[in-house]
1. Right, Phe93: outside the structural domain of Leu182 (by TED's automatic domain parsing) and aromatic (Phe, Trp, Tyr) or not?
2. Report the residue count in region 22-55 for those that are without any contact (Cβ under 8 Å) to a residue 24 or more places away in the chain and basic (Lys, Arg).
3. Would it be correct to say that Phe132 is free of Cβ contacts under 8 Å to residues at least 60 places away in the same chain and out of contact with any Pro (no Cβ under 7 Å at 6 or more places or on another chain)?
4. Being surrounded by fewer than 17 Cβ atoms within 10 Å (Cβ to Cβ), modelled with pLDDT of 95 or more and part of a loop (DSSP other than H, G, I, E, B) is the requirement here; does Arg193 meet it?
5. Going through region 94-115 one residue at a time, which ones are exposed (fewer than 15 other Cβ atoms within 10 Å of the Cβ) and of a type in the set (Val, Ile, Thr)?
6. Looking only at helices (runs of 4 or more DSSP H) that lie completely in region 1-105, which have at least 2 residues being closer than 30 Å to Val158 by Cα and either among the small types (Gly, Ala, Ser) or at pLDDT below 90 (or both)?
7. Name the one entry in Glu99, Glu125 that is touching a residue at least 12 places away in the same chain (Cβ under 8 Å), of a type in the set (Asp, Glu) and not assigned by TED's automatic domain parsing to the domain that holds Phe30.
8. Could you please give the count of residues in region 52-78 that are farther than 26 Å from Ala95 by Cα and surrounded by 14 or more Cβ atoms within 10 Å (Cβ to Cβ)?
Amino acid sequence: MPRTGRRPGPNTTRGHILDVARRQFALAGFDATSLRAIAAESGVDPGVVMHFFGSKNGLFQAAVGWPFDPGPFTAQIAEDGPDGVAARLARAFLAVWDEPTTRAPLLAVFRSAMTQEAAALLLREFLVRQIFARIAGLVDGPHADLRANLAAAHLIGVAVLRYVLRVEPIASADIEALVAHLTPSLTGYLDNRPTPP
């Protein structure tokens, strides 16, 4: 009979579940990984996984190490519809990177993804599923996924220069000044424009 409840011994259950989840998500992806399979390999009841993480999405976010809930983040970007989405995206993105409590974990997640294939697989699936797909949902017209990814790539490049390499004057620029400069470029990606020949 399978074990139920928590694993015996010191309280390492949560960390063990995360290790198993990282491995299973990296091997099979989000859709093909079940909470039941993670619980079984972890030696706990599925209810214990739910107790610690609340949902499969919550477990996935914790496995990736993402420091904030992407739901409110993308809701803030979408709140006023497609008009002004580029400025809201730039402002929200820079705000989470400027906040020290989210910046340090974000840097850790991205650094891990640059050096570890399993971490890169997890981060890629998380970003595509939880953030890029939601932003693409705000983009009308052809190639919405590609255009949302290009906008994200633009912003991630800004984050690398500002928060990792600390290149001046971008490193010390005011967020609203950066938003003003970024908005036209991001609008070019996110507006419904005809595909160039």
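The values are calculated or read from the model by the stated rules, or taken from the named source; none is laboratory data. A quick note: this is a predicted structure, and the numbers were derived from the prediction, not measured. Cβ atoms come from the backbone with ideal geometry, glycine included; neighbour counts cover every protein chain shown.
1. Values: outside the structural domain of Leu182 (by TED's automatic domain parsing): no; aromatic (Phe, Trp, Tyr): yes.
When the stated conditions are applied, Phe93 does not pass them.
2. Residues that pass the stated criteria total 1.
3. So Phe132 passes the test.
4. no
5. Thr101, Thr115
6. Filter on region 1-105 gives 13-32, 56-64, 70-78, 85-98.
7. Glu125
8. 2
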